[in-house]
Every structure is written in structure tokens, then in C-alpha cells.
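Heads up: the structure comes next, in C-alpha cells.
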Amino acid sequence: MKLFAFANQKGGVGKTTLAVHMAIHAHNMGFRTLLVDLDQQGSATFLATGDGDRHQTMDGTALDLWYPDRKIPVQTSPIFGFDFLQASAGLDAVDDDAAAAVLALRRLDTLEKADEGPGAFYHLVVVDCPPAPGVRQVAPLLIADKHIAPVTPDALGTQGLLSLVQTYTGHIRPDNPKLEFKVLINRVKANSATNLTIASALLEGFPDWVMPHQLYEREDVRKGLRLGKPYWEACRDDAQRDAWYQTFYSLLQDVPDDEDNPDSREVQEPDDAEEILTKQREGGEQ
């Protein structure tokens, strides 16, 4: 099992949208995929279900990971088909103990996909971390295989990246030497010379960390999700369609399946996605 943590210490960088796209792509490629929403705002839960109030509960959520006597309440996204652990508005209750959070997340190591029988462990767990630095951001990084850090190519984005690098090199990597740090430049404004210059400078300055594809700011990114599609299936820009697809395809390259054989993977599609998407669109944006 591989664990990818999407985390940044700045909001508004598209972290949740990218985490959900990662889960969609892995699922569509046939990997047993689990999305864990640790952000109490519940945006990933909303995108996975179409229900903007679903996280307003303490029952049957990711909080149950912290209680060893509770069953892990895995659900299946009725829109996209991947499994997920939903957020709870009360997740901040566990923010006082990093060691307990690590133990809680370690329960995912041996979690089996219920509808596939014994031994069907998840190939990939995607964690959507909250934007504020704290236990629910740090603990996943202490056990993750990849830390994907979305950044915007502007002054605030680069300032946030500096803070991330300091945290990664000074606090996380010494305790988790296997962790691979990847910076994903997101929400680039195509008509901004400053954005384009900063994006190029980041790639040139940190070639080992910064992913080569730059994802542009597009109104139809979230629109695609509301239609039940990843952006590369809804995008009309050939270059951006390729950039989005290749970004998530490349992240999956070292995630093995049962026999490391793509032909052995099967994808189950949800039955009632269209009805839920219609209700989600009628309810407006979040």
C-alpha cells in the first residue's frame, strides 16, 4: 500500500480538487483506492458525494480511526466509485496528539476492501490534509510515501513553499526518510507574465521537487467534477488535458497492484452517479 498526502500550509491552492483527481485516476486505472478526508471543512467529502452537509456529524467518519474498537467506516463514492472516509466537522478534537494520530492512520495499512474479500488491501490511500499546520497535516506526512504540495506561482504561494521545504527538510524527512516530496504548480494564470515567470523559476530552481507539468486556472475544473468527470475528460484545451492526465499518471508509476499487472485490475462503476450529480448541480457550488 502506498499513501499520498496532499498538503500545503496555505489555502486556496486547489489541494482538495487535486486530491480527488488523484483518487479518480487511480480508481479508473483499476487500483483499489481509498480517499481519506482529514479536513474538517469536508470539501473532498462534498466532491465525492454531492452532499455539502455530510461532514456535519461525529459518527461514521475518519474520526473513527482514532478509536481502535470501532470499525473503519469506509464508504463508496456514488459519483466516482472509489472508496473514501468522510470528514467530520469535529476533526479538530484530535489535534492535540501527533503520536495518537500516527497510530490512527497506521490502521489503514491493513485495511481490506470489504467487497473483494480477505487480502484485498488498498493499493493507494490518498489523504486530503487540512491547510493549517497541525497534527492532521503532520501525522500523514510522517507515514506517507509521497507528499504532493500544490503551490500557486505568486508571492504568497512561494512564501508557503519556503515554509513547506523547511518543515520537510527539518522535521519530516528525518523521521520519514522514504517520503518523496513533489511540488505541483497549480492555478497558473495564463495571461499573467508574473505567474509564468515564477512557475519557470520554480521548475529551474527545484527540478528534483517541482513536477514538470503546470496546471492552469480554469473555471471548468470544478465544473468537470460536478459532471462526474476528471478535468482531462471535460477540458477543451489539448495542452492542459495532457498536462492534467500526465501529472496524475506519473504519480501512479510506482504504485504496485496485487501482481503489478495492469491487466488484473477491474473497475466497478457506481450505479446512481447521474442522479446524484443532478442534485449536486441543482444545489449550486461549494
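Take the residues in the stretch 121-151 that are of a type in the set (V, I, T) and within 15 Å of W209 (Cα to Cα); name whichever of them is surrounded by the fewest Cβ atoms within 10 Å (Cβ to Cβ).
Of the residues in the stretch 121-151, the ones of a type in the set (V, I, T) are 125-127, 135, 138, 143, 148, 151.
Now narrow it down to the ones that are within 15 Å of W209 (Cα to Cα): 148, 151.
Details: I148: 24, V151: 26.
Per the criteria, the residue is I148.
Consider the stretch 93-127 and keep the residues that are in contact with a Phe, Trp or Tyr (Cβ under 8 Å, 6 or more places away or on another chain) and of a type in the set (V, I, T). The one that is farthest from D145 (Cα to Cα) is V94.
If you go through the stretch 8-45 one residue at a time, how many are modelled with pLDDT under 95 and of a type in the set (A, V, I, L, M)? Don't jump to the end; show me each part of the working.
Initially, the stretch 8-45 is screened for residues modelled with pLDDT under 95, giving 8-14.
Among the residues that remain, those that are also of a type in the set (A, V, I, L, M) are: 13.
The qualifying residues number 1.
Looking at the structure I just gave you, is S88 under 30 Å from R222 (Cα atoms), surrounded by 19 or more Cβ atoms within 10 Å (Cβ to Cβ), hydroxyl-bearing (S, T, Y) and in contact with a Phe, Trp or Tyr (Cβ under 9 Å, 6 or more places away or on another chain)?
Spelling it out, it is not the case that S88 is under 30 Å from R222 (Cα atoms), surrounded by 19 or more Cβ atoms within 10 Å (Cβ to Cβ), hydroxyl-bearing (S, T, Y) and in contact with a Phe, Trp or Tyr (Cβ under 9 Å, 6 or more places away or on another chain).
For the stretch 62-79, give me each residue that is closer than 25 Å to G30 by Cα, in contact with a strand residue (DSSP E or B) (Cβ under 9 Å, 6 or more places away or on another chain) and either without any contact (Cβ under 8 Å) to a residue 12 or more places away in the chain or not aliphatic (A, V, I, L, M) (or both). Across the stretch 62-79, the qualifying residues are P73, Q75, T76, S77. For the stretch 180-233, taking the residues that are hydrophobic (A, V, I, L, M, F, W, C), more than 19 Å from the chain's Cα centre (by Cα) and assigned to a helix (DSSP H, G or I), the one that is surrounded by the fewest Cβ atoms within 10 Å (Cβ to Cβ) is identified as A193. Could you tell me whether any residue of the stretch 152-171 is charged (D, E, K, R), surrounded by fewer than 17 Cβ atoms within 10 Å (Cβ to Cβ) and more than 23 Å from Q40 (Cβ to Cβ)? Among the residues of the stretch 152-171, not one is charged (D, E, K, R), surrounded by fewer than 17 Cβ atoms within 10 Å (Cβ to Cβ) and more than 23 Å from Q40 (Cβ to Cβ), which makes the answer no.
Output the helices (runs of 4 or more DSSP H) that fall wholly within the stretch 69-167 and possess 1 or more residues being of a type in the set (S, T, Y), or say none. Talk me through it step by step, then tell me what you get.
Values: elements: 98-106, 135-143, 155-167.
Fully inside the stretch 69-167 and qualifying: 155-167.
In the set M29, M58, M1, which member is surrounded by fewer than 21 Cβ atoms within 10 Å (Cβ to Cβ), over 14 Å from the mean Cα position of the chain (by Cα) and within 24 Å of K178 (Cα to Cα)? Steps first, please.
Details: M29 fails: within 24 Å of K178 (Cα to Cα); M58 fails: within 24 Å of K178 (Cα to Cα).
Exactly one residue qualifies, and that residue is M1.
Inside the stretch 91-113, residues that are within 19 Å of T45 (Cβ to Cβ) and loosely packed, with under 15 Cβ neighbours inside 10 Å make up a count of 2.
Each row is one residue, and each column tells you yes or no for (1) free of Cβ contacts under 8 Å to residues at least 24 places away in the same chain; (2) among the acidic types (D, E); (3) under 24 Å from V20 (Cα atoms).
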position: H147; (1), (2), (3): no, no, yes
position: P150; (1), (2), (3): no, no, yes
position: G160; (1), (2), (3): no, no, yes
position: S163; (1), (2), (3): no, no, no
position: F181; (1), (2), (3): no, no, yes
position: V188; (1), (2), (3): no, no, yes
position: S200; (1), (2), (3): yes, no, no
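The values are calculated or read from the model by the stated rules, or taken from the named source; none is laboratory data. In this text, all values refer to a predicted model and were calculated from it rather than measured experimentally. Because the Cβ atoms are built from the backbone with ideal geometry, glycine has one as well, and the counts that use them run over all protein chains shown.
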